[in-house]
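As structure tokens, the structure follows; a few thoughts come after it.
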Amino acid sequence: MNYIVFDLEWNQASDLRTRRANSLLFEIIEIGAVKLNEKREQIDDFHELIRPQVFQTMNQVTGDLIHLKMEQLADCRSFPDVAADFVRWCGRECIFCTWGNLDLTELQKNMDYYNMTPLSERTLRYYDVQKLFSIAFEDRKSRRTLQYAVEFLHIEKDVAFHRAHADAYYTAEILKRIKDGSVFQNYSFDTYRLPRNRSEEIRICFEDYSKYISRKFPDKAAAMEDREVISTQCFICGARTRKKISWFTNNGKHYYTVVSCARHGAIKGKIRLRRAEDSSIYVVKTMKQIGPDMVQDILEMKNQIRKNRKERRHKKEGVN
């Protein structure tokens with residue numbers, strides 16, 4: 001299996017009227033990629049500029065960042081032609097690698113805009129190298145810029161950042177320097193295409209937490225009534241757990257709980273309700289072992305939310 005490390009540059013509308021008139025928010029104008037083999041050795045590369053067909057004016061911020069002008073793109077090929085060649089170049093046995101979590105989604109959105117054959121009908125698994133860098137070299141939580149990571153690893157900066165071919169090259173160089181094979185167990189999932197049914201839902205355990213990505217639900221109520229969504233069994237051993245703190249929300253989008261497993265102690269559950277492209281709802285749930293301090297923090301958050309609601313209710317009753 002090959003690693004396809006790629007980066008995109010895109011343009012967007014320069015004014016509100018143009019933005020409202022187009023269903024495509026970001027139009028890809030450059031694709032850059034590096035192909036690595038199973039040993040993470042570079043075996044090929046891909047780079048091409050793209051003639052815009054949606055936005056005919058370069059957004060000033062974009063132009064200043066990537067140092068491209070519309071005149072440089074006038075004689076280039078269209079996105080469908082370039083993207084089709086890129087997909088063929090990638091091959092079937094590959095996994096995509098990007099810096100951050102935007103590029104794979106935007107590639108699929110642009111392909112859908114031109115009614116191209118999808119990369120996949122299912123939720124795509126990929127490597128977010130920005131996340132892998134944090135796991136391999138820092139605290140697992142921070143998300144650094146590409147330039148920071150390049151300088152941290154003392155990679156020679158021989159080409160300018162913020163162009164697709166350069167950023168793909170630097171991302172590949174960072175990927176090569178991750179020596180701990182266990183880091184590569186930390187896949188990411190692009191949710192542009194969501195599980196279509198219960199059997200396609202994502203259920204995966206990582207080193208210290210589990211992740212569940214649901215199919216689509218018509219609304220929040222339907223999601224929060226689903227047994228799989230609100231289930232709290234231990235993600236390590238599968239045993240039933242005892243509730244310490246019932247599910248609660250601080251903003252209507254994030255829900256929290258704390259349960260206890262007889263073998264593995266306190267476990268925090270977090271549900272994120274997210275809106276799909278068609279405005280339906282899907283769920284990303286994580287379960288993670290926590291210590292007493294975190295249990296207390298979550299309990300205090302729940303109590304504070306309850307206190308704030310009570311104060312608002314009393315205030316409203318006083319006004320009435």
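The values are calculated or read from the model by the stated rules, or taken from the named source; none is laboratory data. The model shown is predicted, which means the values in this text are computed figures rather than measured ones. We place every Cβ from the backbone using ideal geometry, glycine too, and count neighbours over all the protein chains shown. Surface accessibility is based on the protein's heavy atoms, side chains included, excluding ligands, DNA and RNA. Shrake-Rupley method; radii C 1.70, N 1.55, O 1.52, S 1.80 Å.
One residue alone among Lys220, Lys243 is touching a residue at least 12 places away in the same chain (Cβ under 8 Å) and under 22 Å from the mean Cα position of the chain (by Cα), and that residue is Lys220. So, Glu300, is that one on the phi < 0 side of the Ramachandran plot, at pLDDT 95 or above, open to solvent by 60 Å² or more (accessible area, probe 1.4 Å) and out of contact with any strand residue (DSSP E or B) (no Cβ under 6 Å at 6 or more places or on another chain) or not? Criteria met by Glu300.
Scanning region 103-123 for residues that are without any contact (Cβ under 8 Å) to a residue 60 or more places away in the chain, under 20 Å from Trp10 (Cβ atoms) and either in contact with a His (Cβ under 9 Å, 6 or more places away or on another chain) or open to solvent by 30 Å² or more (accessible area, probe 1.4 Å) (or both) returns Asp112, Tyr114, Asn115, Met116, Leu119. Against the conditions (1) modelled with pLDDT of 95 or more; (2) surrounded by 12 or more Cβ atoms within 10 Å (Cβ to Cβ), Arg198 satisfies every one except (2). Across region 77-97, the number of residues qualifying as among the basic types (Lys, Arg) and either assigned to a helix (DSSP H, G or I) or at pLDDT 95 or above (or both) comes to 2. The numbered conditions (1) touching a residue at least 40 places away in the same chain (Cβ under 8 Å); (2) of a type in the set (Asp, Glu); (3) open to solvent by 30 Å² or more (accessible area, probe 1.4 Å); (4) within 30 Å of Ser23 (Cβ to Cβ) are all true for Glu93 except (4).
Restricting attention to region 281-291, does a residue exist that is part of a helix (DSSP H, G or I), hydrophobic (A, V, I, L, M, F, W, C), open to solvent by less than 60 Å² (accessible area, probe 1.4 Å) and more than 30 Å from Asn197 (Cβ to Cβ)? Taking every residue of region 281-291 in turn, none turns out to be part of a helix (DSSP H, G or I), hydrophobic (A, V, I, L, M, F, W, C), open to solvent by less than 60 Å² (accessible area, probe 1.4 Å) and more than 30 Å from Asn197 (Cβ to Cβ).
Scanning region 33-43 for residues that are open to solvent by less than 80 Å² (accessible area, probe 1.4 Å) and out of contact with any Leu (no Cβ under 8 Å at 6 or more places or on another chain) returns Ala33, Val34, Lys35, Asn37. Looking across region 217-252, the residues that are in a loop (DSSP other than H, G, I, E, B), surrounded by 13 or more Cβ atoms within 10 Å (Cβ to Cβ) and either acidic (Asp, Glu) or in contact with a helix residue (DSSP H, G or I) (Cβ under 9 Å, 6 or more places away or on another chain) (or both) come down to Asp226, Asn250. Among all positions in region 197-207, there is at least one residue which is of a type outside the set (A, V, I, L, M, F, W, C), free of Cβ contacts under 8 Å to residues at least 12 places away in the same chain and farther than 24 Å from Ser134 by Cα. Filtering region 184-194 for residues that are open to solvent by 30 Å² or more (accessible area, probe 1.4 Å), over 21 Å from Asp278 (Cα atoms), of a type outside the set (S, T, N, Q) and not in a loop (DSSP other than H, G, I, E, B) leaves an empty set.
Residue selection: Tyr127 satisfies the criterion of being open to solvent by less than 80 Å² (accessible area, probe 1.4 Å) and assigned to a strand (DSSP E or B).
Does Arg140 count as under 30 Å from Arg203 (Cβ atoms), at pLDDT below 95 and not small (Gly, Ala, Ser)? So Arg140 fits the description; yes.
Considering Ala164, Ala160, which residue is open to solvent by less than 20 Å² (accessible area, probe 1.4 Å) and farther than 30 Å from Glu228 by Cβ?
Sole residue among the options that is open to solvent by less than 20 Å² (accessible area, probe 1.4 Å) and farther than 30 Å from Glu228 by Cβ: Ala164.
Exactly one residue out of Gly63, Gly100 is among the small types (Gly, Ala, Ser), open to solvent by less than 80 Å² (accessible area, probe 1.4 Å), at pLDDT below 95 and outside any strand (DSSP E or B): that is Gly63. Among the residues in region 72-85, are any under 18 Å from Tyr170 (Cα atoms) and open to solvent by less than 60 Å² (accessible area, probe 1.4 Å)? Checked region 72-85: no residue is under 18 Å from Tyr170 (Cα atoms) and open to solvent by less than 60 Å² (accessible area, probe 1.4 Å).
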